[in-house]
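Let me begin by presenting the structure, written as structure tokens, before commenting on it.
The values are calculated or read from the model by the stated rules, or taken from the named source; none is laboratory data. Predicted model, so just to flag it, every value in this text is computed and none were measured. FYI the Cβ positions are ideal-geometry reconstructions off the backbone, even for glycines, and counts take in every protein chain you see.
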């Protein structure tokens, strides 16, 4: 896949969003679950797990407990909003593709 300055940052952000959604799914299945256990089960470095959990915590989707991360009641609303956001982004990308000759 060719790398271009114009799309490198977007590609990186998409990987982070994908990782965070996978972590959210694992928290949902295994809660409460700690960073080390998530890292081990998902084969993702702990600092990346910690970063994604921090993002989810800032959005009040998870909360730390003494036993690890657990979902809050806000997670269902968040997931619906995230789907809407991703669909909107998909439509924008489709519009951009249509603008290019090819």
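Residues of region 63-88 that are over 15 Å from residue 20 (Cβ atoms) and in a helix (DSSP H, G or I): 76, 77, 80, 84, 87, 88. You will find that of 54, 19, the residue that is farther than 30 Å from residue 97 by Cα, out of contact with any strand residue (DSSP E or B) (no Cβ under 9 Å at 6 or more places or on another chain) and either modelled with pLDDT of 95 or more or assigned to a loop (DSSP other than H, G, I, E, B) (or both) is 54 and no other.
For region 18-38, the tally of residues that are within 15 Å of the chain's Cα centre (by Cα) and without any contact (Cβ under 8 Å) to a residue 12 or more places away in the chain stands at 2.
Within 12 Å of the chain's Cα centre (by Cα), farther than 30 Å from residue 96 by Cα, at pLDDT 95 or above and surrounded by fewer than 15 Cβ atoms within 10 Å (Cβ to Cβ): is that true of residue 74 in this structure? Criteria not met by residue 74. Only one of the numbered conditions (1) farther than 18 Å from residue 81 by Cα; (2) out of contact with any strand residue (DSSP E or B) (no Cβ under 8 Å at 6 or more places or on another chain); (3) not in a helix (DSSP H, G or I) is violated by residue 60, and that is (1). For residue 48, the criteria (1) touching a residue at least 60 places away in the same chain (Cβ under 8 Å); (2) crowded, with 16+ Cβ neighbours inside 10 Å hold in every case but one, which is (1).
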